[in-house]
Every structure is written in C-alpha cells, then in structure tokens.
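To start, the structure under review is shown below, and the notes come after it.
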Amino acid sequence: MSDTTPPATAPDADLPGSGSRDAVAVGTATRGPDTLRLLRPAAGRLASALLAGAGAAGAAVTLTAVSAWLISRAALHPPVLHLMVAIVAVRACGLSRGVLRYLERVFGHDAAFRILADVRVRLFERLERLAPAGLADFRRADLARRLASDVDAVLDLVTRVVLPYAVAAVVGLASVLVVGTLVPAAGSALALALLVAGAGVPLLQRAAARRTDGRLAPLRADLGTGVVDLLHGLPDLTAYGATRDRLDRLAMVDARLTAAARGSAATAGLGAAVTALATGVSVLAGLVAGAAAVRSGDLPGELLALVVLTPLAVFEIAGPLPVAAQHYAAARASLQRLAEIWTTPDVPAGQDDRPAGFDGQRGRVPEIRVEGVTAGWVDGRTAISGADLLLPAGGRVALVGPSGSGKSTVAALLVRFLDPRVGRVTMDGVDLRDIPAERVRKVVGYLPEDAYLFDTTIAANLRIARTDATDDRLREALAEARLLDWVDTLPDGLETLVGEHGMALSGGQRRRLALARLLLTDARVLVLDEPTEHLDETTASALTRDLLATAGERTVLLITHRTALDGLTVVSSDGSDVCR
C-alpha cells in the first residue's frame, strides 16, 4: 500500500439531494437569468427595497422637475396660490426622498445579508460533505478566500448590481414617458442616452475588461495563498535562504494583480466618460427640441426647464450603471469560483433509512471488514490496492508498516472520508456506502495523525466532541490520555489557552489532548493514527496499555510505526500492497 494522506483537504460521485439544489442555486447564478435563483430566499425584502429605491429616485427626479417648473412659473409673477401645489410637492419630495432612501438601504442590505448568510452556510455544509477527499484539488488558503471574499460578491450582486439596475429601469422608463409626452424628440433622445449608459457602455466595458475583471478574483486568491504559505513556512524558508525567491514570486503575482486592477479602473473611467457625454447630449437635445416646441407653441414656456433639467436628475440615478455592470463582471468571476465547489462530486451520502442488516444500536460494538479494497485520493493515483482487514467486535488490532504503505488511507475508509474504487468496507455485513456518513462516524471514532487544535481553551477543545460534558468528565478523559497531571499544574487548568494550532503545547501534549477529545465520544470503534507520536518509548508503552484498558469492550485499531505492541494483533503491509 502507498500511504497518501489527502492534500489540503478529491472528487467521487454525483451530487445528492440538496447538494444538487445548492449547485443550481449558486452554480448557475453566474449565467444571467438564473441569478434569480440566488436571490429567491429574500425576494420579499428585495421587492420592498426596489419599491423604496424607485420611490426615492422618483422623488429626486420629481423634485428637480417640479422645482424647475416652479422657478420658471414664479418668474411670471402669478398669484401665490397658483404655486401652492408645486411648493407642497417640492417639500414632500424633499422629505420623502430621504425617508425612502433610508428604507431602501435597510431593506436592500437586510436582503443582501440574508442571502449572504444563506449562501455561506450552504457553502460550509457543502465543504463539510466534501472534506477531506473532495477537497484534494483546492488549497486551504484558496478555500478560505472563496468562503470569505468570493461569497461577499453576493453582497455586491444585490446592492451594487440588481437594485441599481432595477431602480434605474423603473425611474428611467417613467421619465422617458413624461418627457416624451411633452416633447417626443427630447424623450427619444433621453431614451437613447439611457440605453447607451445602461446597456451600451457595459457591453463596451465587458469587451474591454474581459481579461481584467475576470482575473481579479483568481489573482487575489493566488496572492492570498502565497502570503499564507509564506507565513506558515517562514522558519523553513529562512533556514534554507529561500525567502527572497518566495517574495519575488509574490511580487510577480502582485504586479499582475495591480495591472489587472489598473485595467479595470481604466475601463471604469472610459465608462464614466461615455456616460457624461450621453448626459450632455440628452440635455442639449432636450434644450434644442424644447425650444423649438416653445417657439411653435406646442409647449408652454415654463415647462422648458422641466424638459431640459429632468435628464440631469435621471442620470444621477442611471450614471452608476456602468460601474454596476463592472461589479457584475467581478461578482460573476467570484460566483464561478463558488460554483466549482458546488459542482465537485462528493462522497455519496448513503441511505436515509437504516439498511437491512445494520443494527447501529447505541453501545453495540460492530464487526468491520475491509474486503479487497483499492482506493486513492486523486484520480489516476492509487493509495492502496487489494487491501483486506478484519476488525472483530472488541478486537485489539495494530496496523503497522512504513510511511507510504497506505495506513492512513485505511483509516479514512473506515470513517467514510473516502470510498473504495474497488471492493467494499462493511459494518456488520452492510457496505458503508449504504450508511449515511454521519452515522458511520458516530460508531467509528477517528484520531488523525494531524488532529487539529483550535485557538481556544483546553476545555473548549475537548467539548467539540461532547458539548454537554462536565468538567469532571473532561478530567476523566484527560486522565485516560495521561494528561491530567500536567493540566493540574497549570494556573488556569482547563481554561488554559492552547494557542493557534496548539502551538502553546508540545507535540506529545497536542496528541494526548486530541486523544482525550476522542475518548469523550460514544464511538464503539476507535481508529488511532499514531497516537503515541512525539512520545518517548516508556510513555508511549504506558499510554498504549492505558488506552487498551480504557477502551473496555470497544474495538481499537492502532496505526503505528512502533513494533513493541503487547496485547494487540499485529497486521502489516507487504510488497504486494495488501494488508494481511
């Protein structure tokens, strides 16, 4: 066997049930009309935001139009009562614009954050189903950026793309109808200018920025991954004098990102210039057409200011549309990166109903068999081939062999982190692929070689396994892992912080704390991958004896390099890559 632990975190089967729904919801959100699926969870609030935004924008345009008429009409010195309706309208529009703008922001951001939370939770659940085999093709830093920055693109999609376009469409259409009713030529000019700003400029931007905006999210991901690698590997890079080379690589990525950002900014500037030109043309067209209409008697003179100034108010709303289109291009690239996660095949979930022959009773110790299994983490590469292994109920088995012989892969198969390509793994005669992965992991507990400790207290790290565990139960688990005496010497005891990745502890202490966490569970089968790593021979032998005694009726599979294994049935790997 070849022991290939999964890279950072490797595709397998088709998407099950809700996963397919999620894939449609976000994966297809990058292809135009299907974006509506992404926005559906907050459709009501988005509609409220649209109404409030359209009302605020309409009030702003109306304020400009009525004010223009009022000034023009007042210049003719009519009786003041003839101006009262316009005066009241100006005050109403001025007050309502602020109130409606506030409501638009409240409803819009509430909808955006609800959608954002829904997508982020679904994405995390998706990562949970994929881990670790399905994530072999992703870097950890890149996954973190997708979960954080790329998901934030959903917020931009709602607040900077969908709402601005919807509001501009509603108010722009209404303004064109009003101006066109008064002066058809001016209305046509305004409609054409709005089409240029809202559709023509974004199309030009898309053609000009296709290679820049689409590259921003991947380049940011590359830069983030490189920085994380640099920080984590800084001691080794310094020791080998390779820091300068790594910094030069980061500088190259940063230069490419800067060039892409500069291109994006240039495209935005071009869009702003064309929009300003379209605004000026529409105002000039309104002035020329309106003056001709006044001269011919088709338009009262006091309405000319309304025809000329209304386009200025409309373009205060439509002006940001080219920028909104650019935000959509960047958001689309981020959403496509999220879609890559949703379309990655995961380990089949298994049946919802209990399969025939599977008991799974609380406290019952099952028999587990590995029968002729061939498996691997990455397509085209095999970690184990034709492996056989028997774990009798309550048995004590040690799986030994050199690094690269497939021991950790066997452990991953037993907890359904990975499924066989050939052969099967059974629990009481039932194929594990027919049992939901979560149910398998409640029966089979796994202590990986690189068990993770969170940057919190000893107690909080232990309660990950059992949230309702009392301090006394935590102390029992620490005693079983031969760590309680050390914890009792600490000033803060169970509330001692372990640091990031458990860096405040020694290697052996980290292993024993992770072991204590496993012992807190109700697992009836314990799979321990190098539990005595970083321990001296005397402590390792004592811990192994204590483990076997503490396990009671539970089955224990000990994966180790050590050869002194009293009380265990030794299973080894030979040159034929078969566990015997």
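No value in this document is a laboratory result; all are computed from the given coordinates. Everything numeric in this text was worked out from a predicted model, so none of it was measured. So basically every Cβ, Gly included, is an ideal-geometry build from the backbone, and we count neighbours across all protein chains shown.
Things to note:
- Rounded to the nearest Hz, the phi-derived 3J(HN,Hα) couplings of the stretch 403-415 under the Karplus curve 6.51 cos²θ - 1.76 cosθ + 1.60 (θ = phi - 60°) are 4, x, 8, x, 5, 5, 5, 4, 4, 5, 5, 5, 10, where x marks glycine and proline.
- A simple charge model with +1 on the Cβ of Lys and Arg, -1 on the Cβ of Asp and Glu and nothing else charged puts the dipole of the stretch 368-572 at about 600 debye relative to its Cα centre.
- Packing-based exposure ordering (other Cβ within 10 Å, fewest first) of Ser264, Ser282, Ser403: Ser403, Ser264, Ser282
- Altogether, the Stokes-Einstein calculation at 25 °C and 0.890 mPa s, with the Kirkwood radius of the stretch 142-279 over Cα pairs as Rh, returns a diffusion coefficient of 134 µm²/s.
- Remark on Ile384: its backbone amide H falls under 5 Å from those of Ser2, Ala375, a criterion applied only to residues 5 or more positions apart or on other chains, H modelled at 1.01 Å from N.
- Rounded to the nearest Hz, the phi-derived 3J(HN,Hα) couplings of the stretch 244-257 under the Karplus curve 6.51 cos²θ - 1.76 cosθ + 1.60 (θ = phi - 60°) are 4, 4, 5, 5, 5, 5, 5, 5, 5, 5, 5, 5, 5, 5, where x marks glycine and proline.
- Positive-end extreme of charge dipole, the stretch 368-572 - chosen from Thr560, Pro448, Ala387 (charges on Cβ): Ala387
- Under-5 Å amide H pairs with Ser405, H placed in peptide plane, nonlocal only: Asp3
- For Thr496, the residues 5 or more places off, or on other chains, whose built amide H falls under 5 Å of its own are Ile458, Ala459.
- Dipole in debye (nearest 20) - the stretch 439-537, about Cα centre, beta carbon charges: Lys, Arg +1; Asp, Glu -1: 560 debye
- Cα lying deepest toward the dipole's positive end in the stretch 177-321, options Ala285, Gly200, Leu309, charges on Cβ: Gly200
- Derived scalar couplings between HN and Hα for the stretch 289-294 equal 5, x, 5, 5, 5, 5 Hz in order, rounded to whole Hz, by the Karplus curve 6.51 cos²θ - 1.76 cosθ + 1.60 (θ = phi - 60°), x for Gly and Pro.
- Judged by the mean number of other Cβ atoms found within 10 Å, the most tightly packed of the peptides 545-556, 233-244 leads the ranking 545-556, 233-244.
- Sequence ranges 115-121, 247-253, 92-98, ranked by mean other-Cβ count within 10 angstrom, highest first: 115-121, 92-98, 247-253
- When only Cα pairs below 8 angstrom with a gap of at least 6 residues are kept, the stretch 156-284 shows a relative contact order of 35 percent.
- Cβ crowding within 10 Å averaged over residues, with 327-337, 61-71 ranked highest first: 327-337, 61-71
- Kirkwood hydrodynamic radius of the stretch 17-342, from inverse mean 1/r over distinct Cα pairs, in Å: 22.6 Å
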